[in-house]
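For reference, the structure discussed in these notes is given below.
Since every read-out is calculated from the coordinates, none of them should be taken as a lab result. None of the values given here were measured: they were computed from a predicted structure. Quick reminder, even Gly has a Cβ in these numbers, built from the backbone with ideal geometry, and neighbours come from all protein chains shown.
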Amino acid sequence: MGPVDIRTTRYDAPDAVRLNDLVQLEYVQRYGDGDLTHMDAAHFEPPHGLYLLIYDTDGTPVASGGWRSRGASPEGFQDGDAEIKRMFVVAQARGQGLARRLLAELEASATAAGRTRMVLETGLKQPEAIGLYESCGYLPVPKFGYYRHDELSVCLGKDLKPAPVADAAGR
């Protein structure tokens, strides 16, 4: 994987909307319907969230993903959670490590924002997504969110480790 151009954007920016439309089409193909989870651009505003796009060398957006802060709720979230949403790589850019790179950026930014656990919901009809997350240290967690009662839902999580703090001598 060569250098990539990762940019912070708004969830409702035109390029983000274009990729969101593509991921929704993929959900329809795999599950028969798009993701009905309530989403709002304000959910991804720093420091309570972040939305990123990856652009190829031609300036075309090829991957997206974001996280939003979550607190303890009846939907199964815990205080300190950062929920990953809309991780997606366009078909022609898959297999280049872009999702892994994007995930690392999301984890680092959530950690820097004080989040303690990264969580996500995917589905059994997305085995490549499950494989990516498991290979990055994500483990099954109790189901949460809109699809927590759906038999196809898979919820995964990973504890976020704060960056070590240097002492006065810079060690």
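General observations
- Residues located in the range 104-126, provided they are assigned to a loop (DSSP other than H, G, I, E, B) and within 13 Å of Arg68 (Cα to Cα): Ala113, Gly114, Arg115, Thr116
- A single member of Pro46, Pro74 is assigned to a loop (DSSP other than H, G, I, E, B) and either in contact (Cβ under 8 Å) with a residue 60 or more places away in the chain or touching a Cys at 6+ places or on another chain (Cβ under 7 Å) (or both), and it is Pro46.
- Test: residue in the range 9-16 that is part of a strand (DSSP E or B), touching a helix residue (DSSP H, G or I) at 6+ places or on another chain (Cβ under 6 Å) and without any contact (Cβ under 8 Å) to a residue 60 or more places away in the chain: no
- Sole residue being surrounded by 14 or more Cβ atoms within 10 Å (Cβ to Cβ) and more than 19 Å from Leu139 (Cα to Cα), chosen from Leu98, Leu106, Leu120, Leu102: Leu98
- Residue check, Asp79 among the charged types (D, E, K, R) and closer than 28 Å to Asp21 by Cβ: no
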